[in-house]
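Written out below as structure tokens is the structure these notes cover.
The values are calculated or read from the model by the stated rules, or taken from the named source; none is laboratory data. This is a predicted model, so every value here is computed, not measured. Positions of Cβ are backbone-derived with ideal geometry, glycine not excepted, and every protein chain shown enters the neighbour counts.
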Amino acid sequence: MFEMFEYDFIVRAFLAGLIIATLASVSGTFVVLRRYSMISETLAHSALVGVAVALVAEFSPLWFAVLFALFSAWIIEYLRSRFFLYSDAALSVLLSASLALAIVIVSLGGSFNNSLFSYLFGSILSVSRVDLYTIAIFGSVALALLLYYKDEFFFMAYDEEVARVSGVDTLRLNFLLVSIIAIIVALSITIIGTLLIGALVTIPAISALQFRVSFNRTLLLSLSFALASVVGGLFISYAYSLPSGATIVLCSIAIFILSLVKNR
Amino acid sequence: MKFDLPIFDVKNLSFKVGDQQILTSVNFEIFKRDYIAIIGPNGGGKTTLIRLLLGLEKPSSGEIKVYGKKIFTSHHKIGFVPQRASLVDLNFPATSQDIVKLGVLRSKKAQNIESVMQKMGVWHLRDKMIGTLSGGQRQRVMIARALASDPEVLILDEPNTGVDVASQQRFYALLRELNQNEGITILFITHDTGVIADDINRLFSINQKATICNNPKQVLSCEDISEIYGIEAHMLHHHRHAH
């Protein structure tokens, strides 16, 4: 089994997977506690629009994905804070808009459809060295910001208005949180894919919450579950020649079921 | 006679949502060491008034000065316990101590956590998950969080929601102690009109307009309650128990 690590692309896949698992699970804990579980799905679809536009304009899909995901994240937060839309309603509007826009661009695109579809499911085994460095650098910044403002994000998840009255700059930090999630999601879609990144953000956190332990322990459990899903998923997909992204997500679902059963 | 600068100075405050007028021309001042109960029917504007004082809503007209300043700048001088405090999500991943720590976020008052939890009688519950506590215990944890930053004012919105009668009596004894012994200004919304009259020094009756009473003992008769709430009221006399 371990002979697989003789291949550079497998080593890169593991490293990329572990970085994304870390980013997705830490950000996912805040996302789930804030009842924002659908935000990663929505931002992933917005990132897909960015990829489609970049393919038409012949620019870098990765950076257009980041740009569109960021723009979408800010619109979601603006709608929520300025127009007092429920979080899930704001997400639903943007998800539908992104999907519709992506379909229109796909239908106009013709020749690049195949390239675009590769972003739906991602391709962790084709991660390049440049992809890995990009994810590592931007991921480190995102993780550092998440951990620095961990207590504020936790306070806002507990009660946003009390946090605001207590002096937490909730407006600025809400925009920061959605921006960090947008960058994590956009960086991840080339690897895990648009359709699956949402699962890696939310499922480990939901599994961890079943254990009803303190916030720091929940964060660590969520991280452990995400890392286990990536490692387990990559091993199983290599052993049985299964699609790696989908196998990773199925592993996280298995952990979720075990968490439910253990804590019922 | 009051010579201090008022903590809250409210002038001609009005608030409406769409065409619905919630508060009309409300005027009052709140001074240091005041112990104020806000009563009134549901939908009368009590919670809106508190949200306006905390800067969570903007007035439609009129002005609110907090410590002499027009614009509310969030600071640790005001502790807030919202109505939903005792109805917290049972699965929220936080121990009692995690919640109290939020009160001293990025401040140098971390040493307050143990003393304030001891004072509220919840130090022994510090490692318990917040969702496993009773309504009364949760209420004390929430107040400990609000007190951890050494506030000068404590604002509570229906703090006894979901709390049993025995815990309510302990709660009022605690508020009295915080006000009388520690000089904390207290403003709270309640429907327990029969219990509060002996303790408070002022009563705000809010039903779109505000009626400010500086001698609550004289006001809280059956007739007054009937007028405030629009129902027939009968007064039951409570005997205070020492705990």
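Looking across the stretch A:129-147, just one residue is out of contact with any Leu (no Cβ under 8 Å at 6 or more places or on another chain), surrounded by 11 or more Cβ atoms within 10 Å (Cβ to Cβ) and among the hydroxyl-bearing types (S, T, Y), and that is A:S140. Among the residues of the stretch B:99-147 satisfying the criterion of being within 16 Å of A:D159 (Cβ to Cβ) and charged (D, E, K, R), which is farthest from the other protein chains (Cβ to nearest Cβ)? Ranking the candidates gives B:R138 first. The residue that is farthest from the other protein chains (Cβ to nearest Cβ), among those in the stretch A:170-179 that are of a type outside the set (A, V, I, L, M) and more than 19 Å from A:T42 (Cβ to Cβ), is A:R172.
Consider the stretch B:40-57 and keep the residues that are aliphatic (A, V, I, L, M) and outside any loop (DSSP other than H, G, I, E, B). The one that is farthest from the chain's Cα centre (by Cα) is B:L52. Consider the stretch B:1-39. How many of its residues are acidic (D, E) and part of a strand (DSSP E or B)? Residues flagged as acidic (D, E) and part of a strand (DSSP E or B) within the stretch B:1-39 amount to 2. Scanning the stretch A:164-204 for residues that are of a type in the set (S, T, N, Q) and at pLDDT 90 or above yields a count of 4. Residues that are farther than 18 Å from B:Q83 by Cβ and among the hydroxyl-bearing types (S, T, Y) are absent from the stretch B:154-161 altogether. When A:R212, A:R172 are screened for being among the charged types (D, E, K, R) and in contact with a strand residue (DSSP E or B) (Cβ under 6 Å, 6 or more places away or on another chain), only A:R212 passes. Remark: pairs (first residue in the stretch B:203-215, buried (at least 19 other Cβ atoms within 10 Å of the Cβ); second residue in a loop (DSSP other than H, G, I, E, B) and among the polar types (S, T, N, Q); Cβ separation under 9 Å; 6+ apart in sequence or on different chains) = B:L203/B:N214; B:L203/B:N215. Please tell me if A:A182 is part of a helix (DSSP H, G or I), within 14 Å of chain B (Cβ to nearest Cβ) and buried (at least 20 other Cβ atoms within 10 Å of the Cβ). The answer is no for A:A182. Where helices (runs of 4 or more DSSP H) fall entirely within the stretch A:190-263, those with at least 1 residues that are within 14 Å of chain B (Cβ to nearest Cβ) and without any contact (Cβ under 8 Å) to a residue 40 or more places away in the chain are at A:215-240.
Of all residues in the stretch A:93-128, which are β-branched (V, I, T), buried (at least 16 other Cβ atoms within 10 Å of the Cβ) and modelled with pLDDT of 80 or more?
Residues satisfying the conditions are A:I105, A:I124, A:V127.
When the residues of the stretch B:153-186 are filtered to those that are within 14 Å of another protein chain (Cβ to nearest Cβ) and modelled with pLDDT of 85 or more, the one that is farthest from B:F92 (Cα to Cα) is B:V153.
Residues in the stretch A:155-169 that are surrounded by fewer than 19 Cβ atoms within 10 Å (Cβ to Cβ), more than 7 Å from chain B (Cβ to nearest Cβ) and not in a loop (DSSP other than H, G, I, E, B): A:E160 only. Of the residues contained in the stretch A:23-38, one or more are found to be part of a helix (DSSP H, G or I) and of a type in the set (F, W, Y).
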